[in-house]
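Read the structure below first, then the notes.
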Amino acid sequence: MGSDTKASRTDVGLLVLRVGIGLLFLYHGFPKITGGVERWTELGQAMGNLGISFAPAFWGFMAAIAEFGGGLALILGILTRPFAGLLLFTMVVAVTHVLNSGRGMSGAAYAVAMAVVFLSLVITGAGAYSLDQCRRRRGCACGCGCACGGEATPKAPIAP
C-alpha cells in the first residue's frame, strides 16, 4: 500500500469524523441557539464550576454558538482548529459541570469522548477534503499550498 493511499484514507477518515460530529453538534446546538436568554443563562451557569459566575447568559450564548457554529464549521472544514478548540473548551466545562453535580464519570463519559475528538482535530486539522485546505491552496499553481503566487516552481534535477 503506497503512502498516497494511506494519506487519502486518513483524509477520508477525517472527513467522515468531521461531518458526523458536525451533524451531531448542529442537532444539539440548534435548540440552544434558539432557546433565548433563559436557555443561555441556564447553560452559562455551568461556568460557575470554573469560578466564573458573572454574565451567565453571555457564556451560555457563547457555548450555543460554539456548538452550532462549530458543528457547521466542522462539516465544511472551515476554521477547523479554532472551532475544535472552542468545542474542546465547551466539553471541559461540560465535564466539570457533570462531575461537580455528582453524576460521576459515567455521566461525563460523552463529554470526555468529545473532548478527545476535538483535541485530535486541533492537532490534525481538517484534512484534505475541507475548505481549510482549499484556502491554503488558492493561488498555488504547484498544488502544495505554498505561497508561490500562482507560478509553479520547477523542481531541481536530482544529481546522478
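Observations on the model:
- In the range 77-90, the residues that are surrounded by fewer than 23 Cβ atoms within 10 Å (Cβ to Cβ) and among the hydrophobic types (A, V, I, L, M, F, W, C): ILE78, LEU79, LEU86, LEU88, PHE89
- ILE78 fulfils the conditions (1) of a type in the set (A, V, I, L, M, F, W, C); (2) in a helix (DSSP H, G or I); (3) closer than 14 Å to ALA126 by Cβ except for a single criterion, (2).
- For the range 86-105, the set of residues classified as of a type outside the set (A, V, I, L, M, F, W, C), farther than 17 Å from GLU42 by Cα and part of a helix (DSSP H, G or I) consists of GLY104 only.
- Residue check for THR96: under 22 Å from PHE58 (Cβ atoms), crowded, with 20+ Cβ neighbours inside 10 Å and of a type in the set (Val, Ile, Thr): no
- Residues being farther than 19 Å from GLY77 by Cβ and surrounded by fewer than 17 Cβ atoms within 10 Å (Cβ to Cβ) - total across the range 99-136: 14
- Sole exception among (1) surrounded by fewer than 21 Cβ atoms within 10 Å (Cβ to Cβ); (2) closer than 24 Å to GLY20 by Cβ for LEU74, by number: (1)
- Given (1) surrounded by fewer than 18 Cβ atoms within 10 Å (Cβ to Cβ); (2) over 14 Å from the mean Cα position of the chain (by Cα); (3) within 17 Å of ALA111 (Cβ to Cβ), number of the condition LEU24 does not satisfy: (2)
Read-outs: derived from the displayed coordinates by stated rules, not from any lab. Values in this document were obtained by computation on a predicted structure and should not be read as measured data. Neighbour counts are summed over all protein chains in view; Cβ atoms, including those assigned to glycine, are modelled from backbone coordinates with ideal geometry.
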